[in-house]
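Report on the structure given below.
A short reminder: the numbers here are calculations on the coordinates, not readings from a lab. No experiment lies behind these values; they were computed from the predicted model shown. Every residue, glycine among them, receives a Cβ derived from its backbone with ideal geometry; neighbour counts consider all protein chains shown.
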Amino acid sequence: MAQLIAYFSRADENYFGGALRMVEKGNTEVAAETLAKLTGADLFKIEPIQPYARDYNTCIAQAQEDQQRDARPELKEYPASLEDYDTIYLGYPNYWGTMPMPVFTFLEHFDFTGKTIRPFCTHEGSGMGHSEQDIRRICPGAKVEKGLAIRGSSVKSAENDLKEWCGK
């Protein structure tokens, strides 16, 4: 069976260990691409129709408001089917202890019964938060394995961590 890496990532202005800087590619996307190289899994980027702001502080205000409203932002697209995939690597940045709300939208769109979900997140000190529990709640028929938390500011040197985690 095939594997899929579904991930949400945000470029533009990001937070790195106490400082803001512009990036062309978000940390989670960097991790997802490295994981794809290691596993040969297909890649799918979770993108809301209305993207978050390029400015970091505006973005976090928007994302926090989405979380407080328990919003489900509409996505640009979905994979046609997950039928051929037995393992889904799910990547996202940690937003206030869990996944960004577009990831909730993605998860609630499909039935993950019988699938294995392997979550990974990027963060700057908050680890996986309670995202693994949230995935189990949203996807009760899935096997949710222990996730991997990657510090965003060191994502470019995380290949060995990813290799060990995915068993490659």
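Residues to consider are 72, 54, 10, 21; find the one that is basic (Lys, Arg) and either within 19 Å of residue 145 (Cα to Cα) or touching a strand residue (DSSP E or B) at 6+ places or on another chain (Cβ under 6 Å) (or both).
54
What are the residues in segment 33-70 that are in contact with an Asp or Glu (Cβ under 6 Å, 6 or more places away or on another chain) and hydrophobic (A, V, I, L, M, F, W, C), if any?
49
Go through 43, 35 for me and flag whichever is surrounded by fewer than 18 Cβ atoms within 10 Å (Cβ to Cβ), closer than 15 Å to residue 9 by Cβ and in contact (Cβ under 8 Å) with a residue 12 or more places away in the chain.
When all the criteria are applied, what remains is 43.
Quick one: count up the residues across segment 23-49 that are hydrophobic (A, V, I, L, M, F, W, C), over 11 Å from the mean Cα position of the chain (by Cα) and assigned to a strand (DSSP E or B).
Residues that pass the stated criteria total 2.
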